[in-house]
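J.: Please find one structure pasted underneath; my questions will follow.
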Amino acid sequence: MPLLAQLLAAVADGSVEIVDLTAPLSDRTPILRLPEPFANTVPFRLREISRYDDRGPAWYWNDIETGEHVGTHFDAPVHWATGRGGEDVAQVPPARLVAPAVVLDASARAAADPDFLLEIEHVRDWEKANGPLPDGGWLLYRTGWDARSGDQGAFLNADENGPRTPGISAECARWLAEETPVIGLGVETVGTDAGAAHAFDPPFPCHSYFLGAGKYGLTQLQNLARLPARGAVLVAAPLPIEGGSGSPARVLALIER
Ligand code: MN
């Protein structure tokens, strides 16, 4: 049987399962909030054009308003100053949007400490148990934060000192971006960096190092708990916005049952 026919047969009989890693998009989808004096994104919004009425008797449709970095979304290299001149979201080669993915689960640590930071030694320990990081694939960083995604307050988890959400240390971010063969970093939080990463050196190290290395980010993923530590195939589908720094994306994982 041809390869793609085998794949379709496996999807049809359930031996390959499609897991949706995408957060639902609505005006309640949590969004990043930057402090003054920085400019902020708009939330996702539907604006009705017509709904089987005088404005269009037989059809229902909407305009949408959204930021590029709203909900489950893709960060392109050009999003960050370190990636200036790099690929915009429309220039990402389609073959890089279908790639292997591994899942590093730090949800127990993040439950105990919302400021938990992944260090190189944690990734080394993961590699000892699960094998090397995938060449040209995604590192998906599970923190359990998707359980909070229905509530902006719990999701951003801010106090008087700013947001408190788990992330990756600056040293580990640099190492992952510059010395490992992964294509990008996927997270469950509102951005690829920790809530406190504005105060890191450099600030926002995941953005700085990954995008500076021509790699990618995926945020606000869900259902990583349903994926194996390795063996999933990730399909990340951002819109080809010309000149865009990112895009809301449908992100699917194929897993073998
Ligand atoms: Mn982003």
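J.: Pull out a ≥ b ≥ c, the square roots of the eigenvalues of the alpha-carbon gyration tensor of the range 1-130, then state rounded if a/c is under 1.5, prolate if not and a/b is larger than b/c, and oblate in the remaining case.
T.: It comes out oblate by the Cα gyration axes.
J.: To continue, here is another question. Sorting check: for 163-174, 246-257, which peptide has the highest mean count of neighbouring beta carbons within 10 Å, and how do the rest follow?
T.: Packing proxy ranking, top to bottom: 163-174, 246-257.
J.: Please state the charge dipole magnitude for the chain, taken about the Cα centre, from unit charges on C-beta atoms (+1 on K and R, -1 on D and E), reported in debye and rounded to the nearest 20.
T.: Charge dipole, the chain, about its Cα centre: 400 debye, nearest 20.
J.: Could you tell me what percent of the DSSP beta bridges with both partners in the chain are antiparallel, to the nearest 5?
T.: Antiparallel bridges make up about 70 percent of those DSSP assigns within the chain.
J.: For the chain, report the translational diffusion coefficient in µm²/s to the nearest whole number, using Stokes-Einstein at 37 °C, 0.692 mPa s, and a Kirkwood Rh over Cα pairs.
T.: Using the Kirkwood radius from Cα pairs, D works out to 173 µm²/s.
J.: Okay, next question. Rounded to a whole number, what % of the accessible area of the chain do carbon and sulfur atoms account for, probe 1.4 Å?
T.: Working: 7070 of 12750 Å².
Carbon with sulfur: 55 percent of the solvent-accessible area.
J.: Note down the net charge around ALA12, summing +1 for each Lys or Arg and -1 for each Asp or Glu among other residues with Cβ under 15 Å from its Cβ.
T.: In short, -2.
J.: If you don't mind, another one. Evaluate 2.2 N^0.38 Å with N set to the residue count of the range 1-65, then give the Cα radius of gyration divided by it.
T.: 1.91
J.: Still on this structure, please answer the following. When ranked by the protection proxy of mean other Cβ atoms within 10 Å per residue, highest first, what sequence do the peptides 206-218, 123-135, 53-65 form?
T.: 206-218, 123-135, 53-65
J.: If all Cα-Cα distances of the range 117-239 are sorted into 10 Å bins from 0 onward, what percent lands in each bin, rounded to whole numbers?
T.: 13, 45, 35, 7, 0
J.: Taking 0.36 nm per residue of sequence separation and subtracting the Cα-Cα distance, how much length would be gained by fully extending the chain between GLU36 and ARG226, in nm to one decimal?
T.: 64.6 nm
J.: Less than 14 Å Cβ to Cβ from SER107, Lys/Arg counted +1 and Asp/Glu -1: what total charge do the surrounding residues give? Can you show the working numbers first?
T.: Numbers: positive: ARG109, ARG142, ARG148, ARG226; negative: ASP105, ASP113, ASP146, GLU188.
Here the charged neighbours net out to 0.
J.: Write down the accessible area per residue of the chain in Å², having rolled a 1.4 Å probe over the full set of protein chains.
T.: 50 Å²
J.: From the residues GLY83, LEU8, LEU218, which one has its Cα farthest along the dipole of the chain in the positive direction, the dipole being from +1 and -1 charges on Cβ of Lys/Arg and Asp/Glu about the Cα centre?
T.: LEU8
J.: Can you give the FRET efficiency for MET1 and THR180, using 1/(1 + (r/R0)^6), R0 = 51 Å, r = Cβ-Cβ distance, to the nearest 0.05?
T.: 0.90
The values are calculated or read from the model by the stated rules, or taken from the named source; none is laboratory data. The shown structure was predicted, so the numbers you read here are calculated from the model rather than taken from an experiment. Neighbour counts run over all protein chains shown; Cβ positions are idealised from the backbone, glycine included. For accessibility, only protein heavy atoms count, side chains too; no ligands or nucleic acids. Shrake-Rupley method; radii C 1.70, N 1.55, O 1.52, S 1.80 Å.
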